Amino acid sequence: MTAVLRVMSALTLTLLAASLCCSLTEKPSNVSSPNIIIMLMDDMGWGDLGVFGQPSKETPNLDAMAAEGMLFPNFYTANPLCSPSRAALLTGRLPVRNGFYTTNGHARNAYTPQEIVGGISKDEILLPKMLKKKGYVSKIVGKWHLGHRPQYLPLENGFDEWFGAPNCHFGPYNSSIRPNIPVYNNSEMLGRYYEEFKIDIRSGESNLTQIYLLQGLEFIQRQTEARQPFFLYWAPDATHAPVYASKQFLGKSQRGRYGDAVMELDHSIGQILSWLKTLGIDNNTFVFFTSDNGAALISAPKEGGSNGPFLCGKQTTFEGGMREPAIAWWPGHIQKGTMSFQLANVMDLFTTSLALAGISPPDDRALDGLDLTPVLLQHTHTLQNRPIFFYRGNELMAVRLGQYKAHYWTWSNSKEEMKIGINFCPGQEVPDVTTHDQREHTLQPIIFHLGRDPGEKYPLSVLTKEYQDVLSWISPVVEQHKKTLVPGFPQLNMCDVAVMNWSPAGCEKLGKCLKVPKSEPWKCDWPH
């Protein structure tokens, strides 16, 4: 029996339930430090949830989660691309501060493909490391995406356990040119995508979401039995192209294969919440659901989702690229069926988690996340009218303050990319807004009222008093931000084929080591 099968056979719901009966004779008592679960989806859009109006209504568990918790319709990511947004969540800092950006081109999105040399900086303090101060045990399940070289992996950055992969599940690859991505159990690989961990590109079949579900359930049970506070960062990637679902979900959705993946993730989330109730720890577990960036319209409709009424999608700083579905759930603490229109973002999860754990945030660095506990626990309370900054690479593209959003730069993607079929705003062209060249509007920003115009189609006239009033309100905020910003060292500038996943830790035991080619570093090319 392979290592992969041994792991999977040990993680069946039947055994979990049997073990529970034998090991827990009474429900755990509430403690001062609640368990924390952050569920981060991959490329899932605001419009993919029934509670946000998706007409096929195929997310009953997420809709029920919202009915039992608090919905955030004004929740944002920190970047319209996967790696920088994840770095922001775990550090509480904008990517331009924590180094997850590039200076190889102006306003370019960058991430961590397996040829990237960099990763999360050793100077950053990640959430799991902070939570250790109160005895939390932390596990990441799924996609890491903050660097795949040994010094950048989860166990080197505060996590105690990891089951998942360091990169996207692109492939399959010819191992002589580019290796398939490894799947790790803690510090050693168990196999690779498309090899031991199957993904059928043609049919879309893969049981990875089921594996990630069982990994999460087993970790929750172990920590409950140990009476140990835990942090679970559950980051499945089934809704990132190439999308996949297990056999029992394929063909179930009215929305095609992408919908199948959403349905399986929704089912899995329902299983996790149900498991918390079964274990009697639901009243002592804070759960937050969101996504890393907007739906990838370039992959739609077969392998991409919906951003609802919002403009464009992933890779852009329009609303569709950065406004995310978000639900907070904590029975007995968060009032059922509530909605908060507070402007919030993924960096708030860092600060809020620390507040829930009773830990002071680090005071030696600028933090961009706010503590949302007053909003969560006193649902009528609204925090100060904080800004939301929209960055693309090293450039501040836009700012939202209140109901208004001011664009200082506009760009969807280049004309060259459009000519080869890459379009981040299909069917949504807005003249002089979704531009295919980088246009600066610093002296006269394009301003939208998002309450009246969530689709960013009708800019305010610069001749109106409303425009002038908004400009005088937002301008000092932008000036202060730029004046005090200290960028981190850019981590996403250099690439090298020699740093790919040729010989990850544990490959020797499996006979999966590949020959490492000669190092030939170059400046990464980021076209968007």
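In a fully extended conformation the segment linking Gln151 and Ser414 would gain 91.2 nm over its present Cα-Cα distance, using 0.36 nm per residue.
Bridge orientation summary for the chain: considering DSSP beta bridges with both residues in this region, about 55 percent are antiparallel.
In the stretch 318-365, Rg over Rh equals 1.03, where Rg is the alpha-carbon radius of gyration and Rh the Kirkwood radius from pairwise Cα distances.
In plain terms, the chain from Ile422 to Thr338 could stretch by 26.3 nm, reckoned as 0.36 nm per residue minus the Cα-Cα distance. Entry note, the stretch 131-219: relative contact order of 22 percent, from Cα contacts under 8 Å with a spacing of 6+ residues.
In order along the stretch 196-208, the Karplus-derived 3J(HN,Hα) couplings, from 6.51 cos²θ - 1.76 cosθ + 1.60 at θ = phi - 60°, round to 6, 10, 6, 9, 8, 4, 5, 8, x, 7, 6, 9, 4 Hz, and Gly and Pro are given as x. One compactness figure for the stretch 173-282 is 1.20, namely its Cα radius of gyration divided by 2.2 N^0.38 Å.
Let's test the formula: R0 of 30 Å, r as the Cβ-Cβ distance of Trp473 and Asp123. What FRET efficiency results, to the nearest 0.05? After rounding to 0.05, the efficiency reads 0.30.
For Asp368, nonlocal amide neighbours, meaning residues 5 or more places apart or on other chains whose placed amide H falls under 5 Å from its own, are Arg93, Leu94.
The solvent-accessible area of Trp473, taken with every protein chain present and a 1.4 Å probe, is close to 100 Å². Both the radius of gyration and Dmax for the stretch 316-466 are 18.2, 54 Å, in that order, over alpha-carbon atoms. Here, the stretch 395-484 has an Rg and a Dmax of 14.1, 43 Å when only alpha carbons are counted. Subtracting the Cα-Cα distance of Ala226 and Ser187 from 0.36 nm times their residue separation leaves 11.8 nm of extension gain. Using the Cβ-Cβ distance between Ala366 and Gln248 with R0 set to 41 Å, the FRET efficiency from 1/(1 + (r/R0)^6) comes to roughly 0.30. Less than 5 angstrom separates the built amide H of Met494 from those of Val117, Gly118, Cys524, all sequence-distant by 5 or more or on a different chain. Packing around the peptides 304-311, 82-89, 175-182, taken as the average count of other Cβ atoms within 10 Å per residue, puts them in this order, highest first: 82-89, 304-311, 175-182. Taking amide hydrogens as placed 1.01 Å from N in the peptide plane, the amide H of Val183 sits under 5 Å from those of Leu190, Gly191, Arg192, Tyr193, each at least 5 positions away in sequence or on another chain. Enclosing the Cα atoms of the stretch 232-361 in their convex hull gives a volume equal to 142 cubic angstrom per residue. Only helices enter this figure: runs of n ≥ 4 DSSP H residues, each worth -39500 (n - 2.57), summed and divided by the residues of the chain, yield -7500 deg cm²/dmol at 222 nm to the nearest 500. 3J(HN,Hα) along the stretch 128-133, derived from phi through the Karplus expression 6.51 cos²θ - 1.76 cosθ + 1.60 where θ = phi - 60°, amounts to x, 5, 5, 5, 4, 4 Hz, with x in place of Gly and Pro. Peptides 269-276, 446-453 ordered by packing proxy, namely the average of other Cβ atoms within 10 Å per residue, highest first: 269-276, 446-453.
Couplings 3J(HN,Hα) for the stretch 502-512, derived from phi with the Karplus relation 6.51 cos²θ - 1.76 cosθ + 1.60 (θ = phi - 60°), are 6, 9, x, 4, x, 5, 4, 5, 9, x, 10 Hz, where x marks Gly and Pro. Tell me whether the stretch 59-160 comes out rounded, prolate or oblate; compute the Cα gyration tensor, take square roots of the eigenvalues as a ≥ b ≥ c, and use a/c under 1.5 as the rounded threshold. Cα axes put the stretch 59-160 in the oblate bin. Within straight-line reach of Lys336, meaning a Cα separation under 29 Å, sit the following lysines at least 8 residues removed in sequence or on another chain: Lys27, Lys57, Lys134, Lys139, Lys277.
At a Förster distance of 41 Å, what's the computed FRET efficiency of Ser503 paired with Asp525, Cβ-Cβ distance as r, to 0.05? Here the calculated transfer efficiency is 0.95. Our summary gives the stretch 395-484 a relative contact order of 28 percent, counting only alpha carbon pairs under 8 angstrom and 6 or more residues apart.
Of the peptides 162-168, 51-57, the ranking by mean beta-carbon count within 10 Å, highest at the top, reads 162-168, 51-57. Annotation: per residue accessible area for the chain equals 38 Å², rounded to a whole number [probe 1.4 Å, protein chains only]. Expressed as a whole percent, the accessible area of the stretch 119-274 that falls on carbon and sulfur atoms is 47 (1.4 Å probe).
Pairs of Cα atoms nearer than 8 Å and 6+ residues apart set the relative contact order; for the chain it is 24 percent.
Comparing Cα centroids, the stretch 417-467 and the stretch 345-392 end up 29 angstrom apart. If the Kirkwood radius is taken over C-alpha pairs of the chain, then at 25 °C and 0.890 mPa s the Stokes-Einstein diffusion coefficient equals 105 µm²/s.
The values are calculated or read from the model by the stated rules, or taken from the named source; none is laboratory data. Since this is a predicted model, take the numbers as computed values, not measurements. All Cβ positions, glycine included, derive from the backbone under ideal geometry; neighbour counts span all protein chains shown. Areas reflect the complete protein model, heavy atoms only, side chains present, ligands, DNA and RNA absent. Shrake-Rupley method; radii C 1.70, N 1.55, O 1.52, S 1.80 Å.
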